[in-house]
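Report on the following structure.
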Amino acid sequence: MDRRSIRLLTYSATFGLFCAAGVHAADRPLIAAMAWLDPDQHLVALTTQPQRLAAVEDQQMLTGEALFHTPTLLGGQAAKAGLSCASCHENGRDNPAFQFPNLSGKPGTADVTSSFFSSHRGNAVFDPVKIPDLTVPEKVSRATDSRELEKFIRDLIVEEFNGQEPTPSVLAALSYYVRSLTAAPANTRIALTVESQLVAVDQAVLAAKEARQKDDSKLARLLLASARHRLGLIHERYEGKALAKERNALVSASQQLGKVQKIEDNANFTQALIRWKDSYRKTRKRISDRQHLSLYNPDVLKAALNQTPS
């Protein structure tokens, strides 16, 4: 991986953390995703998520899921905004609350031929379309003996979002994840909790360790970027003086992962990751124990939204 790629991974993964580290600014959303969510759906969209069902849940599937939630995978303006594949496709479904300024028509739509995200597909026409549910196969074949899905995902990353060319292992994991998804009952939403984010951090870190054991440094760095992004999502919800220690601990955990990302030697990488996990264990428990005070608590979030100017 070249130096520019490493800088992008580090910048994007920590951008949300450092922006949120100070006093909340009046012109910045309480939670970053509010910038691209329908205001009428903020409470539901920020406290619940579609139930994710998968035909198989092995390490390859979890690796793909972590990448699916990684803004740096898409690169360009999407990464700067903190958008990942999962921003439009919640747990692989659609997103009826998605409403990005000047790119969406009614909620749940997006203009995929906008030059804002892509220099390849921009057509100078505002033509938003409904965001599809990826658990429902449509025009692109999901057959394992076909490469249609791999080509579709590759073109989406490189052409629709100006992302860097994905490696074969990155593309394989993403395709495996999409193929594994199965549809839950319609309108089935479950609580979005800090524990679900903490589990995702754990899974991404474990996947990164296994990737480096296979000498796949590009995949490992992307997976740590995914873990750091999740830490950033937690950080922005732990607002206020009462949670200052938790925010500082999250920033420290992300910064330490950033140092691990840059380690070139596989053995040193693995040892550094083990040390990180040991130091992170106490932070993880404290974060989990204090969820009731955070914006993951629907009552706390509702009160905060009522105080936030629309």
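Just so you know, all these numbers are worked out from the coordinates, no wet-lab data involved. Just so we're clear, the structure is a prediction, and the values are computed from it rather than from any experiment. Heads up, the Cβs are rebuilt from the backbone with ideal geometry, glycines too, and the neighbour counts pull from every protein chain shown.
Would you list the membrane-span-like helices of the chain, meaning whole DSSP H runs whose alpha-carbon atoms span at least 24 Å along their axis and whose mean Kyte-Doolittle value is at least -0.5? For the chain, where a helix must reach 24 Å along its axis and average at least -0.5, the hits are 3-20, 194-213, 217-235. Here the sum of -39500 (n - 2.57) over DSSP H runs of 4 or more residues, divided by the residues of the chain, equals -16000 deg cm²/dmol at 222 nm, to the nearest 500. When the Cα positions of 95, 271, 108 are compared along the charge dipole of the range 3-304, 271 comes out farthest toward the positive end, with charges on each C-beta of Lys, Arg, Asp and Glu. The residue 159 and residue 53 beta-carbon pair, evaluated with R₀ = 30 Å, returns a calculated FRET efficiency of approximately 0.50. Cα gyration tensor of the range 127-237, axes a ≥ b ≥ c as square roots of the eigenvalues: rounded (a/c below 1.5), prolate (a/b > b/c) or oblate? Verdict is oblate for the range 127-237. Each principal axis of the Cα cloud of the range 161-217 was taken in turn, and the coordinate range along them, longest first, works out to 40, 24, 23 Å. The stretch between residue 139 and residue 172 holds 9.9 nm of extra length on full extension. This uses 0.36 nm per residue minus the Cα-Cα distance. Between residue 274 and residue 35, the simple spin-label model (points 7 angstrom out along Cα→Cβ) gives 4.0 nm. Based on every Cα atom in the chain, Rg and the maximum pairwise Cα distance Dmax equal 18.7, 55 Å. With the simple spin-label model, which puts each label point 7 Å out from Cα in the Cβ direction, the residue 285 to residue 130 separation comes to 4.9 nm. Exposed loop positions in the chain were taken to be GluC sites (Glu not before Pro) whose DSSP state is not H, G, I, E or B and which have at most 14 other beta-carbon atoms within 10 angstrom. Between these positions, the longest stretch is 139-263. Dipole of the chain computed with +1 at Lys/Arg Cβ and -1 at Asp/Glu Cβ about the Cα centre; of 158, 117, 33, farthest Cα towards the positive end is 33.
Simple point charges give the picture: +1 on the Cβ of Lys and Arg, -1 on the Cβ of Asp and Glu, and for the chain a dipole about the Cα centre of about 1100 debye.
Across all Cα pairs in the range 70-186, the calculated P(r) in 10 Å bins from zero up to the longest distance comes to 14, 45, 36, 6 percent per bin. Positive contributions from Lys and Arg (+1) and negative ones from Asp and Glu (-1), summed over other residues with Cβ under 11 Å from the Cβ of residue 90, come out at +1.
For the chain, modelled as a GNM whose springs connect Cα atoms under 10 angstrom apart, the maximal fluctuation among 55, 207, 173 occurs at 55.
Here the label points at residue 299 and residue 242, each 7 Å from Cα along the C-beta direction, are separated by 1.1 nm in the simple model.
Ordering 144, 288, 77 by the projection of their Cα atoms onto the charge dipole of the chain, which places +1 on the Cβ of Lys and Arg and -1 on the Cβ of Asp and Glu, puts 288 at the extreme positive end.
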